[in-house]
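Report on one structure; see the data block that follows.
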Amino acid sequence: MSSAVAAAGRWWLSAALLALVGMALIGCGHGGATAPGSPAAAAAETVPPGWVVLYMRPDCPYCRQALELLIKRGVPFVERDVTHDRRSYNELLEIYRQRLPDRTVLVPLLLIGDTAVGGFDEEEIDAALKAMPRNGGS
């Protein structure tokens, strides 16, 4: 094996490990404050009006609470698993960078209309749901 091929293989392995470590470092949290969003992120543009985007990890108890709350409230939503979907992971990081720059990156992250809610706080989620336009949602 040539040294160039070996170096490329090590680079790929390093990049893959770094991506996995980055995904593992995303905290699971009981959040709080919402932040008004700028224009909808590309992630939300593919979701019908009145729907929520829920970024989550399957092993996160706060994510399950957020999921159960949306179901209980009858809110239509799209689930995005940041541990198994690299695009969703990148969207999550971009949303935090643009909308919640002073916050620790946590899941769940909910995009509710023009509001991003990082972490699980039932009162904050309910307030954002009340303010969200319901065009196309139930």
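The values are calculated or read from the model by the stated rules, or taken from the named source; none is laboratory data. Predicted model only: the values in this text are computed from it and were never measured. So basically every Cβ, Gly included, is an ideal-geometry build from the backbone, and we count neighbours across all protein chains shown.
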For this session: Working only within the range 68-88, note down all residues that are of a type in the set (A, V, I, L, M, F, W, C), surrounded by 17 or more Cβ atoms within 10 Å (Cβ to Cβ) and either at pLDDT below 95 or under 25 Å from PRO133 (Cβ atoms) (or both).
Result: LEU69, LEU70, VAL75, PHE77
For this session: Could you please let me know if GLY31 is at pLDDT below 90, crowded, with 20+ Cβ neighbours inside 10 Å and part of a loop (DSSP other than H, G, I, E, B)?
Result: yes
Exercise. Of the numbered conditions (1) surrounded by fewer than 17 Cβ atoms within 10 Å (Cβ to Cβ); (2) without any contact (Cβ under 8 Å) to a residue 60 or more places away in the chain, GLU91 satisfies every one except a single condition; which is it?
Worked result: (1)
For this session: Would you mind telling me which numbered condition in (1) of a type in the set (A, V, I, L, M); (2) free of Cβ contacts under 8 Å to residues at least 60 places away in the same chain; (3) part of a loop (DSSP other than H, G, I, E, B) VAL75 fails?
Result: (2)
Exercise. Touching a strand residue (DSSP E or B) at 6+ places or on another chain (Cβ under 9 Å), more than 28 Å from ARG134 (Cβ to Cβ) and at pLDDT below 95: does that describe VAL105?
Worked result: yes
Seminar exercise, completed: Of (1) in contact with a Phe, Trp or Tyr (Cβ under 8 Å, 6 or more places away or on another chain); (2) hydrophobic (A, V, I, L, M, F, W, C); (3) surrounded by 20 or more Cβ atoms within 10 Å (Cβ to Cβ), VAL117 satisfies every one except (1)
